[in-house]
Amino acid sequence: MYIRTRFIIIIFITVIFTACSSRPLVPYTNESPPLVLMPVSQANIKDERGRFREIFCEVNEKRADNLPDYRSCESALTYVGTEPVGTGHNIEPGNSRKNYVATIVLGVGADCFASWINANGSAAEHVRQYGYDMRYIEVESLSGSQRNALIIRDSLLHMHNQGSKQNLILIGYSKGIVDILEAIVTYPDIRNHVAAIISVAGAVGGSPLANNATQSQLEFMKAWPGAKCTLGDGGAIDSLRTETRKTWLESNPLPDSIPYYSLVAFPDPERISSVLKPSYNTLSQIDGRNDGQVLFYDQVIPGSTLLGYINADHFAAVIPIARTHEIIGNTVVEHNDYPREVLLEALLRFVEEDLSRRNSDQ
């Protein structure tokens, strides 16, 4: 089983996400919208890295003895350029006053791998101690974003009818944020039920790796050990292509009634697990500042608050592979350790504080 699983992982990364890598990752086209790359300070992005670092580091040290995958704050967060200083304000260590619910949408293949990863739910158990909650919205991970946007809409309305009012914080990981943004634009009836939206290692601007890949190459995911996923509508890869995402962002301004936050995976090169090295090297033909799946600047929601850069590759940011597969964790995903429970708590505490400030300013 170990040999089979390792073989599947390696083929998954090297064949699907680096397919046809000899072709340009971003091919010539005059159909995309005009684009620019500029500093955060000039791009309508609010830089709150200093305050998020204060909260993350405080939570990290308080939970150091009780949670897995401890890493020092300096090792867990990446300094990029000149980081603004924090506020120095006290950090409330107690329970949430608003009982926010982290409502998470995962990315490509999530339902194919769910039983194999067999996450023990420790992140949900951890934040529930402090008055928060965590739930997943199960989308069709091989479907396109239009299809998943409808699933998200129906799920949120169902949650609202079950008693969750306006305390939902939507967190999109990888393609999950693409599905969330499409839902929030397409279905105005769900906006009043959402307190905030967070991108974590999100493919907001797409990924050049998807430009040369085909949907048919994803079909083998159904053969993953324990996979229960379907082929869906066949739109996952197209939803991740850079031209698709940039064109969609140009044509679909995000509603300004909801605050948006971006957390970027920006690992040191030595923190890239072996299984992601081929795709990391492929993306490095464009920019070495990538997490093995997405370029660092494509992970930021337009007009959002930048929370920080985490020193974790694309898998380590969210997926606890090494916790349940020790041999693989010691070989091909050898840098999968990250204090994810701390990260989730820090995200929720930051957003709760920020939303409280926004409300008091109104």
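The values are calculated or read from the model by the stated rules, or taken from the named source; none is laboratory data. Source: prediction; values computed, not measured. Note: ideal-geometry Cβ built from the backbone for every residue, glycine included; neighbour counts use all protein chains shown.
Worth pointing out:
- All helices (runs of 4 or more DSSP H) inside the range 203-301 with 3 or more residues being at pLDDT 95 or above, within 30 Å of V351 (Cα to Cα) and β-branched (V, I, T): 242-251
- Top-ranked residue in the range 106-123 [being outside any loop (DSSP other than H, G, I, E, B) and touching an Asp or Glu at 6+ places or on another chain (Cβ under 9 Å); ranked as surrounded by the fewest Cβ atoms within 10 Å (Cβ to Cβ)]: S122
- Beta carbons closer than 9 Å, at least 6 apart along the sequence or on distinct chains, pair a first residue in the range 31-42 that is closer than 21 Å to L263 by Cα with a second that is of a type in the set (D, E) and surrounded by 10 or more Cβ atoms within 10 Å (Cβ to Cβ) for V40/D47; S41/D47.
- Condition met for G109 (closer than 20 Å to F350 by Cβ and modelled with pLDDT under 95): no
- When we screen R147, R97 for residues that are in contact (Cβ under 8 Å) with a residue 40 or more places away in the chain, surrounded by fewer than 23 Cβ atoms within 10 Å (Cβ to Cβ), in a helix (DSSP H, G or I) and in contact with an Asp or Glu (Cβ under 8 Å, 6 or more places away or on another chain), the only hit is R147.
- Considering only residues in the range 275-291 that are surrounded by 24 or more Cβ atoms within 10 Å (Cβ to Cβ) and touching a residue at least 60 places away in the same chain (Cβ under 8 Å), the one that is nearest to the chain's Cα centre (by Cα) turns out to be D291.
- Filtered residue count, the range 56-92, keeping only those that are surrounded by fewer than 16 Cβ atoms within 10 Å (Cβ to Cβ) and assigned to a helix (DSSP H, G or I): 4
- Filtered residues of the range 67-106 (kept if modelled with pLDDT under 90 and acidic (D, E)): E92
- With respect to (1) more than 24 Å from R271 (Cβ to Cβ); (2) without any contact (Cβ under 8 Å) to a residue 40 or more places away in the chain; (3) not in a loop (DSSP other than H, G, I, E, B), the lone exception for T103 is condition (2).
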